[in-house]
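Structure first, then comments.
The values are calculated or read from the model by the stated rules, or taken from the named source; none is laboratory data. This one's a predicted model, so the numbers in the text were calculated from it and none came from an experiment. Cβ placement follows ideal geometry from the backbone for every residue including glycine, while neighbour counts extend to all protein chains displayed. For the accessible areas, the whole protein counts, side chains as well, though only heavy atoms, and no ligand, DNA or RNA atoms are used. Shrake-Rupley method; radii C 1.70, N 1.55, O 1.52, S 1.80 Å.
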Amino acid sequence: MALSTTVKVHPVVLFQIVDAYERRNADAHRVIGTLLGTVDKGVVDVTNCFCVPHKEYEDQVEAELNYAMDLYDLNRRVNTQEAIVGWWATGNEVTSHSSVIHEYYARECNNPIHLTLDTTLQGTRMGIRAYVNVPIGVPGGKSGCMFTPVNVEITCYEPEVVGVQLCQKTVTLSKKTVEPMLDLAQVAEASQKLTSLLDSVLAYVEDVLAGRTQPDNAVGRALLDMVNSVPKMTPEEFENMFNSNIKDLLMVITLSQLVKTQLQLNEKLTLLTTL
């Protein structure tokens with residue numbers, strides 16, 4: 001695998017790794033597991049993972065490989081698109097046992113990646129690093145391998161963005177549980193957030209024009225692209241389009257509530273007939 005490889009990790013993978021670390025045995029210093037996803041044109045998209053029970057000693061590693069393969073086979077029945085792309089481990093560094101574990105995954109897939117997640121929060125951050133295994137040595141002499149860092153990014157599907165934003169609300173709340181918001185409430189919250197962002201942009205532009213802030217070319221180009229991406233329409237056309245979308249949203253909400261009521265009524269009638 002080339003050093004130009006980019007690893008894209010989804011939030012559900014990070015949540016599963018942290019959950020596995022919190023549920024580890026009392027004598028376990030770190031947790032390892034299998035990464036699942038897809039590989040396309042030098043981009044490794046990690047969409048799922050699972051934990052593999054193991055024990056580490058000074059001179060060897062014991063892992064329940066049969067458990068790992070059974071769990072992978074079960075996952076393939078649910079999602080045939082996800083394949084083994086590498087393995088993960090908690091901690092902030094590559095250990096002496098990493099090469100042994102990597103050899104196993106090299107037999108399960110081509111050029112596996114190694115992902116580390118620092119659950120000890122060193123530096124007050126949860127460091128995420130990705131590595132590829134590169135062979136080193138001289139012709140006719142000793143050979144070895146080296147874990148070389150590659151670029152790693154956090155990416156989200158749209159439903160994952162909603163879930164992550166909902167989890168972020170627990171940071172400022174006294175209770176650590178939040179209820180999912182209704183669709184209209186999400187629209188209102190998004191509108192308020194958009195308004196605050198526009199106020200920040202306007203304040204920045206006014207400060208630059210007044211000479212109070214040093215202009216940034218990158219920010220200027222980003223603002224120009226944003227302005228050019230907005231379709232040209234009159235306020236009346238925008239209002240009609242917005243109202244039309246709101247009506248569609250209300251129609252979908254009404255139909256979903258009717259279907260929910262119908263299912264509940266059918267369940268109660270079925271229960272009465274069986275008594």
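Quick notes
- Dipole check for the stretch 6-158: with +1 at the C-beta of Lys and Arg, -1 at the C-beta of Asp and Glu, and the Cα centre as origin, the magnitude is about 300 Debye.
- Square roots of five times the Cα gyration tensor eigenvalues for the chain, Å: 43, 32, 19
- Each label was represented as a point 7 Å from its Cα along the Cα-to-Cβ direction; for residue 27 and residue 232 these points are 7.4 nm apart.
- Whole-number D in µm² s⁻¹ for the stretch 234-274, Kirkwood Cα-pair radius fed into Stokes-Einstein, 10 °C, 1.306 mPa s: 127 µm²/s
- Note on the chain: with charges restricted to the Cβ of Lys and Arg (+1) and Asp and Glu (-1), its dipole about the Cα centre is near 140 debye.
- In a fully extended conformation the segment linking residue 109 and residue 214 would gain 32.8 nm over its present Cα-Cα distance, using 0.36 nm per residue.
- A cut-off of 5 Å between modelled amide H atoms, ignoring neighbours fewer than 5 places along the same chain, links residue 52 with 32, 33, 34.
- Here the Karplus curve 6.51 cos²θ - 1.76 cosθ + 1.60, taken at θ = phi - 60°, turns the phi angles of the stretch 205-217 into couplings of 4, 5, 5, 5, 5, 7, x, 7, 10, 6, x, 10, 4 Hz, with x standing for Gly and Pro.
- Cβ-based charge dipole, the stretch 234-274, positive-most Cα from 256, 269, 243: 269
- Listed values for the stretch 104-112 are Karplus-derived 3J(HN,Hα) couplings in whole Hz (6.51 cos²θ - 1.76 cosθ + 1.60, θ = phi - 60°), namely 5, 5, 5, 7, 8, 8, 7, 6, x, and x replaces Gly and Pro.
- When Rg and the Kirkwood Rh are both derived from Cα coordinates, the Rg/Rh ratio for the stretch 1-160 amounts to 0.95.
- Amide H contacts of residue 120: 91, each under 5 Å away and 5 or more positions distant or on a separate chain (H built 1.01 Å from N in the peptide plane; Pro and chain starts excluded).
- Derived scalar couplings between HN and Hα for the stretch 67-75 equal 4, 5, 5, 5, 5, 5, 5, 5, 5 Hz in order, rounded to whole Hz, by the Karplus curve 6.51 cos²θ - 1.76 cosθ + 1.60 (θ = phi - 60°), x for Gly and Pro.
- Relative to the current alpha-carbon distance between residue 254 and residue 207, full extension at 0.36 nm per residue lengthens the span by 12.3 nm.
- Distance distribution P(r), the stretch 56-115, all Cα-Cα pairs, bin width 5 angstrom from 0: 4, 15, 24, 26, 18, 8, 4, 1 percent.
- The chain, relative contact order in percent, only Cα pairs under 8 angstrom and at least six apart counted: 15 percent
- Segment residue 178-residue 80, length gained on full extension (0.36 nm per residue, minus Cα span): 32.0 nm
- Excluding ligands, DNA and RNA, the accessible surface per residue across the stretch 94-181 is 68 Å² with a 1.4 Å probe.
- With every protein chain in place, the stretch 234-274: carbon and sulfur % of accessible area (1.4 Å): 66 percent
- Distance between the stretch 84-155 and the stretch 29-61 - C-alpha centres, whole angstrom: 9 Å
- Amide hydrogen neighbours beyond the local backbone of residue 47, cut-off 5 Å, H modeled: 36, 37, 38
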